[in-house]
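Engineer: Following this message is one structure expressed as structure tokens.
The values are calculated or read from the model by the stated rules, or taken from the named source; none is laboratory data. The structure presented is a predicted model; accordingly, all values stated were derived computationally and were not measured. Positions of Cβ are backbone-derived with ideal geometry, glycine not excepted, and every protein chain shown enters the neighbour counts. With ligands, DNA and RNA removed, areas are computed over all heavy atoms of the protein, side chains included. Shrake-Rupley method; radii C 1.70, N 1.55, O 1.52, S 1.80 Å.
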Amino acid sequence: MEALQKLPAITDWFPGVERPIVISGPCSAESEEQVLETCMRLKATGKVDMLRAGIWKPRTRPGNFEGIGSIGLKWLQKAKVATGLPTTVEVATAAHVQEALKHGVDVLWIGARTTVNPFSVQEVADALKGVDIPVLIKNPINADLDLWIGAIERIQQAGVTQIGGIHRGFAKYGEKQYRNAPQWQLPIELKRRFPNLPMICDPSHICGNRHMLFEVAQEALDLNFDGVMIESHIDPDNAWSDAKQQVVPERVGEMVNDLVVRNTAPQNGSLSGLSAFRSQIDKYDDEIMALFAQRMEVAQKIGQYKKENNISILQTKRWEEILEKAFSKGRKVGLSDEFIEKYLKAVHQESIDQQNKIMNK
Ligand code: PEP
Ligand code: MN
């Protein structure tokens, strides 16, 4: 896509903003006071470039707070006037687009649950024809790069010229550390294909907690992301949605203050290409490590079970089966028997050691 190779930088969307762009505000608008106070306190940090608030909330399960609706746009509009900062909201339907435009919203974003559905993305794209407002597109819930690119293309084809991506992590069964696994290799690959596409990281929805936000935000900047979107609330524990991951506005200011903004790598093609591959390798290694940890947790449970049922640790027949299966699977994906054997022996030994600890403690 020609046009997607020539996108303007996000720092050109508004005068005077610099990398990293910081977007913050509540997960959901709840009351006029909450929106205004959050936004005023964000403004006071001097570190925030754009205000966010969820107006219509797509919730995974029914019965949760589904957003305050259009009235919240009036509060956000007041916050925009009071702070002088631009605003952004999530839109999922043509009606949302109309409402947001009517209330002077400056940037629209498409949420993860919308990006997965081409019908919805097309509806939003059609509503945007003839309206050139910047649009940020979150990755789909599932790790499908083409689906993300498809949504970006639909918005671009509607004539929108200021487009960016938001990386908010991916739902992954069995994932424990993150609410949505970052799987950094996906945004890295997106950036490799569209080097000019502005990229924002959303540590709040990746982490699902407060204590990892800073670490993930720093990691994103180290991968040359252009900015971050962090949810904030005047009373995070009592937020009507995503309470666990929201922080007070002042904490956003502190985190942004502590973020180290490194110079982006020399834009020499081969060098930046190599560093993109290296980042991919690092991220796969991180994921392998996390999987090992999950595997060892199961080994410990087995240890407990064997202890309770008085079964010996080494089950020779089971070990032979594992080895045979792994050889045949490994051959199919081009891994040598030698590698598989070394790898499995090391893993098996570690499992035995972990079981041993449980059984003999
Ligand atoms: C949000 O930003 O509040 C939100 C709903 O995020 P996501 O679409 O990433 O789940
Ligand atoms: Mn949220």
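Engineer: For the range 258-361, with every protein chain kept in place, what is the accessible area per residue (1.4 Å probe, Å²)?
Structural biologist: Ligands and nucleic acids excluded, the result is 75 Å² per residue.
Engineer: Give the residue list of trypsin sites (Lys or Arg not before Pro) in the range 2-56 that are DSSP loop and have at most 14 other beta-carbon atoms within 10 angstrom.
Structural biologist: Numbers: sites: 6, 41, 43, 47, 52; in loops: 47.
Within the range 2-56, no trypsin sites (Lys or Arg not before Pro) qualify (loop, at most 14 other Cβ atoms within 10 Å).
Engineer: Let me ask something additional. Go through the range 66-77 residue by residue and turn each phi into a ³J(HN,Hα) via Karplus (6.51, -1.76, 1.60, θ = phi - 60°); whole Hz please, and just put x for glycine and proline.
Structural biologist: Whole-Hz 3J(HN,Hα) from phi for the range 66-77: 9, x, 7, x, 3, 4, x, 5, 5, 5, 5, 5.
Engineer: While we're on this one: Relative contact order for the range 253-361 using alpha-carbon pairs under 8 Å, separation at least 6, rounded to a whole percent? Walk me through the intermediate numbers first.
Structural biologist: Values: 44 pairs, mean separation 35.7, N = 109.
Over the range 253-361, the number comes to 33 percent.
Engineer: Need one number: nm distance between label points at residue 337 and residue 311, each 7 Å from Cα along Cα→Cβ, rounded to one decimal.
Structural biologist: According to this spin-label approximation, the distance is 2.9 nm.
Engineer: Here is a further query. Hey, what's the range 165-221 come to in accessible area per residue, 1.4 Å probe, Å²?
Structural biologist: Numbers: 2000 Å² over 57 residues.
With all protein chains present, the range 165-221 gives 35 Å² per residue.
Engineer: Still on this model: Please give the Cα centre distance for the range 1-74 versus the range 222-240, rounded to the nearest Å.
Structural biologist: 10 Å
Engineer: Another question about this same structure. Return a whole-number percent for the relative contact order of the range 1-65, with Cα pairs under 8 Å and 6 or more residues apart as the contact set. Each step should come with its number before you reach the end.
Structural biologist: On the way: 51 pairs, mean separation 21.1, N = 65.
The normalised contact order for the range 1-65 reaches 32 percent.
Engineer: Would you mind checking 172/342; 43/74; 306/357; 306/361 for any pair whose Cα atoms are more than 20 angstrom apart? Walk me through the intermediate numbers first.
Structural biologist: Values: 172/342 28 Å; 43/74 18 Å; 306/357 12 Å; 306/361 13 Å.
Where the Cα-Cα span goes over 20 Å, the pairs concerned are 172/342.
Engineer: Something else: In what sequence, largest accessible area first, do 202, 337, 285 appear using a 1.4 Å probe?
Structural biologist: On the way: 202 0, 337 55, 285 80 Å².
Reading off the accessible areas and sorting them downward yields 285, 337, 202.
Engineer: Separate question: What relative contact order, as a whole-number percentage, does the range 1-129 give when Cα pairs under 8 Å and 6 or more residues apart are counted?
Structural biologist: After rounding, I find 19 percent.
Engineer: Can I ask one more? Leaving ligands, DNA and RNA out of it, work out the accessible area of residue 141 with a 1.4 Å probe and give it in Å² to the nearest 10.
Structural biologist: About 40 Å², ignoring ligands and nucleic acids.
Engineer: What does the charge count around residue 335 come to, taking other residues whose C-beta lies under 15 Å from its C-beta (Lys +1, Arg +1, Asp -1, Glu -1)?
Structural biologist: On the way: positive: 325, 329, 331, 332, 342, 345; negative: 324, 337, 338, 341.
It works out to a net charge of +2.
Engineer: Excluding ligands and nucleic acids, what accessible area in Å² is computed for residue 215 using a 1.4 Å probe, to the nearest 10?
Structural biologist: 100 Å²
Engineer: What list of ³J(HN,Hα) couplings, whole Hz, do you get for the range 274-291 from phi and the Karplus terms 6.51, -1.76, 1.60, once you set θ to phi - 60° and write x for glycine and proline?
Structural biologist: Once θ is set to phi - 60°, the couplings for the range 274-291 become 5, 5, 5, 5, 5, 4, 4, 4, 4, 5, 4, 4, 4, 5, 4, 4, 5, 5 Hz.
Engineer: Give the long-range amide H neighbours of residue 109: residues separated by 5 or more places, or on another chain, with amide H under 5 Å away, using H modelled in the peptide plane at 1.01 Å from N.
Structural biologist: 89, 90, 91, 136
Engineer: Ok, one more. Under 5 Å between amide H atoms, partner at least 5 residues away or on a different chain: which partners does residue 170 have, H built in plane at 1.01 Å?
Structural biologist: The list, which skips near neighbours in sequence, is 181.
Engineer: Share of the range 1-115's accessible area from carbon and sulfur, percent, 1.4 Å? Don't jump to the answer; show the numbers that get you there.
Structural biologist: Details: 2510 of 4720 Å².
For the range 1-115, the apolar C and S fraction of the accessible surface comes to 53 percent.
Engineer: If you place +1 on the Cβ of every Lys and Arg and -1 on the Cβ of every Asp and Glu, how big does the dipole about the Cα centre of the range 146-224 come out, in debye to the nearest 20? Could you put the intermediate results ahead of the total?
Structural biologist: On the way: 9 positive and 8 negative charges, 28 e Å.
Here the size comes out at about 140 debye.
Engineer: For the chain, what does -39500 (n - 2.57) per DSSP helix run (n ≥ 4), summed and divided by total residues, give at 222 nm, in deg cm²/dmol to the nearest 500? Spell out each step's value before the answer.
Structural biologist: Numbers: 13 runs with 178 residues, N = 361.
The helix-only estimate for the chain comes to -16000 deg cm²/dmol at 222 nm.
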